[in-house]
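What follows is calculated from the coordinates using simple rules that are stated; it is not laboratory data. Just so it is clear, the structure is predicted and the values come from calculations on it, not from any experiment. Using ideal geometry, Cβ is built from the backbone for each residue, glycine included, and neighbour counts are taken over all protein chains shown.
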Amino acid sequence: MGKSFGAFVAPRYIVFILVVLVSLAWPALAKRKDDAVVMKNGDRITGEIRKLQTGVLYVKPGYALEPIALNWSQVERVESQDIYLVVLTNGKRYTGTIQKVLTGQPAGEVAIKGEREVIRVPEAAVVSIGPVEPSFWKQLKGAVDYGLSYQQGGDHTQSTLSGSVDYPQEHYLLHLDGSTVFSGQSRGTNTTRYTLDFDYNRYFTRNWYAATMANFLRSSQQDLTARTTLGGGAGHDLVRTDRTNFSGVVGLVYDNEHYSDVSGQPAPTNSLESLLAVNFNTYRFRTTQINSQLAVLPSLTDAGRIRFVSNSYVMLEIVHNLFWKLSVYENYDSRPPTSAPKNDFGVTTSFGWKFGPGR
């Protein structure tokens, strides 16, 4: 394949992408202010419907400084002329205006009016509701965070910067994230780590989707100058509720690896691997998000070699859109093609800011 993709994705470009993510972190422009929400006790609120997440409907009246959080099950009626992306428990996604009405049953139903048809579903089947913005840039949603720590005893400093951005649509999702980690000490060796991940998920019916991915890793801890992974597979949402999503992907990936001269393997290596990955994401207490991604990659061209990749975090919202995050990452290679270390493990803490429509 000649030069790997990683040879062109230098760390400075990853930093540039993270800076771009920071520049995107502004509040979304306000939409309509005449959305109507009527509660079961008769209270009526007029304003802007921001989103529905984890069973909570967020509405911002014109007189309020922050959105008001409403119990979705206690909402009797909703009327809005704005366009929203509605995700259901069966994985289906619809785009259109929304209305919620009581049907004489203990719970109501939601009507989603698209360009060609009106879809009616029970309110309990709605996982989330998010605004659809008129332009690509306004539709982007994500987060950026930064962390810095210092230990005087070993004169040790660690700096982390990471960011992610999503572009959600009715039939697909684009996801991009990147991170940089620098660890240095006056009496030891400095280490650096850079990652850049791109995912494209194309949704079909009943919680199935096609997953495509492109990942880049540079890790001085493992003497990796660049590892580029390209591939894809079939994905399925095993569990989907208003608070929890658990999904899995099975597929194939291609690896191109460049190790440093110190490792004794300066020439690039190529391999084909099978992929088994799972992703678990859940919200607790409205302010806490837990996410864990695990991937096992047995090599098909180097029998007996297995790679394990793990990225997990706990995110705690402090105030509106400001959060604290604890992250744990690990890259394990059972048999590197060099004398390089098998493991790259780290724990980071940071503060960050969420941005995008609905914020």
| Given springs between every Cα pair under 10 Å in a Gaussian network model of the chain, which of 298, 337, 168 has the largest fluctuation? | 337
| message | Quick check: the angle from helix 11-23's long axis to the longest principal axis of the chain, C-alpha only, nearest 10 degrees? | response | 20 degrees
| Using modelled backbone amide H atoms (1.01 Å from N, in-plane), which distant-in-sequence or interchain residues come within less than 5 Å of residue 108's amide H? | 123
| remark: Asserting the computed 222 nm helical MRE of the chain (DSSP H runs at least 4 long, -39500 (n - 2.57) per run, divided by residue count, to nearest 500) equals -1500 deg cm²/dmol
| Residue by residue through region 217-229, which ³J(HN,Hα) values in whole Hz follow from phi under the Karplus form 6.51 cos²θ - 1.76 cosθ + 1.60 (θ = phi - 60°), with glycine and proline marked x? | 9, 10, 9, 5, 4, 9, 6, 8, 6, 6, 10, 10, 10
| request: Figure the gain on full extension for residue 300 and residue 212 (residue separation times 0.36 nm, minus the Cα-Cα span) and round it to one decimal in nm. | output: 29.8 nm
| message | 5 Å is the cut-off here: which amide hydrogens, built 1.01 Å from N in the peptide plane, fall below it relative to residue 84, excluding neighbours closer than 5 in sequence? | response | 96, 97, 132
| field | Under 13 Å, Cα to Cα: Lys pairs in the chain, sequence gap 8 or more or different chains | value | 10
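Using +1 on the beta carbon of Lys and Arg, -1 on that of Asp and Glu, and nothing else charged, what's the dipole of the chain about the Cα centre, debye to 20?
480 debye
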| task | Compute the distance in nm between two label points, each set 7 Å from the Cα along the Cα-to-Cβ direction, one at residue 63 and one at residue 319. | result | 2.3 nm
| What residue among 130, 248, 62 has the largest mean-square fluctuation in a Gaussian network model of the chain, using Cα springs under 10 Å? | 62
| task | Output ³J(HN,Hα) for region 55-65: one whole-Hz value per residue in order, computed from phi by the Karplus curve 6.51 cos²θ - 1.76 cosθ + 1.60 with θ = phi - 60°, and x for Gly and Pro. | result | x, 10, 9, 9, 10, 10, x, x, 8, 9, 7
| remark: Residues meeting the amide H criterion for residue 140 (H placed from the backbone, H to H distance under 5 Å, 5 or more places apart or on another chain) are none
| query | Say we join alpha carbon atoms closer than 10 Å with springs in a Gaussian network model of the chain; which of 38, 253, 132 then has the biggest fluctuation? | reply | 38
| note | Dipole check, the chain, charges on Cβ (K,R +1; D,E -1), about Cα centroid: among 168, 86, 343 the Cα furthest to the positive pole belongs to 86
| task | Could you run the Karplus curve 6.51 cos²θ - 1.76 cosθ + 1.60 with θ = phi - 60° over region 83-98 and give me ³J(HN,Hα) per residue in whole Hz, x for Gly and Pro? | result | 9, 10, 9, 10, 10, 9, 5, 8, x, 6, 10, 9, 10, x, 6, 10
